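First comes the structure, then the notes that go with it.
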Protein chains: 2
Amino acid sequence: MRYLIYYSYDGKDFNGYQKQNGLRTIQEELEKALKFINAGVDTVVTASGRTDKGVHANLAAAHFDLSVDITEYKLKRALNSNLPDDIHVISAQMVDNQFHARYMVKEKEYKYYLNMGEYNPTRRFYEYQYCKMLDVQEIENAIKYFKGEHNFKSFTPNKDRRNNYVRTINDCYIEVIGNTLIFTFRGNGFLKYQIRNMVGYLIRVGEHKKRKEDIPKILEKKDRKCASITAHPEGLYLNKVVY
Amino acid sequence: MRYLIYYSYDGKDFNGYQKQNGLRTIQEELEKALKFINAGVDTVVTASGRTDKGVHANLAAAHFDLSVDITEYKLKRALNSNLPDDIHVISAQMVDNQFHARYMVKEKEYKYYLNMGEYNPTRRFYEYQYCKMLDVQEIENAIKYFKGEHNFKSFTPNKDRRNNYVRTINDCYIEVIGNTLIFTFRGNGFLKYQIRNMVGYLIRVGEHKKRKEDIPKILEKKDRKCASITAHPEGLYLNKVVY
């Protein structure tokens, strides 16, 4: 039986999503809990995608197959009692055997939180403590350049080799709540570090150190060296996955 | 020269404010940083009050005397570079030698955050993960009984001996933002565990396990056993100190 789960996690104490020998990862914790539930059978979890070290998720998704018969409600409860406090299963549902948590993603939404106010110790792992004012209006105008279908090779590490760097950003915008600047990106998929690299560039625009008008040229160059910094991971949240 | 500082902290990894041999406390960290700044001279910090293990502060206050000559701006900077990441000095100012951070408090404001929605891993140390709905209307009616001058002995541990258990709550109310229930209490001072014990009782009222109308009788009894549970520390923030 194939199951789809939606889950959240605090990325602070994880070395990202993907399994790595000897390091604490989300995938490893999920598979450990599932092996216990699945009568000791090794159970591979396929997630909607990976997140980097320190990045959080409010609503991530994954699928896996179980050989035991278990109701959706009991599976949620069993997972949560076998998972550590920093991962939480929000829902579990049975799905068709053809369902695939990565290939079938229609849209993903990411949010990035940046504190422009006084350093906040209780938020230091949960939003980027930038602690200076940015030209928010300029960022608002700049972020529009990322909307639509583009080749985002300049916003992913040069050593990250793949066939296709074209992605579509369906929507992206910023909001300001108090001193917190919140970036939202919705798209069909994102390259490694793409959001943190776009946010990094936008921060430089907000500092008047980079120009918004250069974004189309940088996209054209298809070279990471043409863009700018990578924003810190702790501000980033995978906020939603839509199938 | 006497200085007043306002500061914030993440209470998660502290054993409360007050110095205790061998345990990590806010007072100890402040005094360690000040000794370094104050040319190696032991420097006693007098805070607006204590907070318990796990409780946070958005704006706490303290005073101390320095023998070195240092500007307010440089003191703030020196403290922040000598303090760990989970304490942050917001401002430092010179004050009269008669100023006293504890005796001169006019009002303190505390906030308590309770999550009535789905368990949130990134907030597990920063709001109480209650994760069930409460009768918010009933709590709103109940909290009014605490307003004004009362003997709060029933809301502090029986073993906590002092001369005077009478305190004045200038204002107290609740707000709901999303699934978060936020309690605010403002008063001239609070007894040990008083806020967490009042919130504990209010949670029981919201569960229909205690009655709001009994609060006056419980206050009259002056006995902790008549009240109810103590709410978890992680939801509590010292939010403001007014002189």
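Could you say whether any residue in the stretch B:67-80 is within 22 Å of the chain's Cα centre (by Cα), within 26 Å of B:Ile195 (Cβ to Cβ) and modelled with pLDDT of 95 or more?
No, that holds for no residue.
In this structure, is A:Phe64 hydrophobic (A, V, I, L, M, F, W, C), at pLDDT 95 or above and in the same structural domain as A:Lys209 (by TED's automatic domain parsing)?
So A:Phe64 fails the test.
Quickly run through the stretch B:120-159 and pick out the residues that are free of Cβ contacts under 8 Å to residues at least 40 places away in the same chain and within 14 Å of another protein chain (Cβ to nearest Cβ).
Listed by number, the residues that qualify are B:Asn120, B:Pro121, B:Thr122, B:Arg123, B:Gln129, B:Cys131.
Considering only residues that are in contact (Cβ under 8 Å) with a residue 60 or more places away in the chain, part of a helix (DSSP H, G or I) and basic (Lys, Arg), which ones fall in the stretch A:208-238?
Within the stretch A:208-238, A:Lys212, A:Lys221, A:Arg224, A:Lys225 meet the criteria.
Consider A:Asn164 against the criteria (1) modelled with pLDDT of 95 or more; (2) open to solvent by 40 Å² or more (accessible area, probe 1.4 Å): it satisfies all of them except one. Which criterion is unmet?
(1)
Just to be sure, is B:Asn158 within 24 Å of B:Ser48 (Cβ to Cβ) and either in a loop (DSSP other than H, G, I, E, B) or in contact with an Asp or Glu (Cβ under 8 Å, 6 or more places away or on another chain) (or both)?
It is false that B:Asn158 is within 24 Å of B:Ser48 (Cβ to Cβ) and either in a loop (DSSP other than H, G, I, E, B) or in contact with an Asp or Glu (Cβ under 8 Å, 6 or more places away or on another chain) (or both).
Looking at the stretch A:142-155 only, could you name the residues that are surrounded by 14 or more Cβ atoms within 10 Å (Cβ to Cβ) and in a helix (DSSP H, G or I)?
A:Ala142, A:Ile143, A:Tyr145, A:Phe146, A:Lys153, A:Ser154, A:Phe155
I need a count of the residues in the stretch A:191-206 that are open to solvent by less than 40 Å² (accessible area, probe 1.4 Å) and part of a loop (DSSP other than H, G, I, E, B).
Of the residues in that region, 1 qualify.
The values are calculated or read from the model by the stated rules, or taken from the named source; none is laboratory data. Owing to the predicted nature of the structure, the values given are computational and were not obtained by experimental measurement. Note: ideal-geometry Cβ built from the backbone for every residue, glycine included; neighbour counts use all protein chains shown. Ligands, DNA and RNA are stripped out before the accessible areas are found, and what is left, the full protein with its side chains, is counted by its heavy atoms. Shrake-Rupley method; radii C 1.70, N 1.55, O 1.52, S 1.80 Å.
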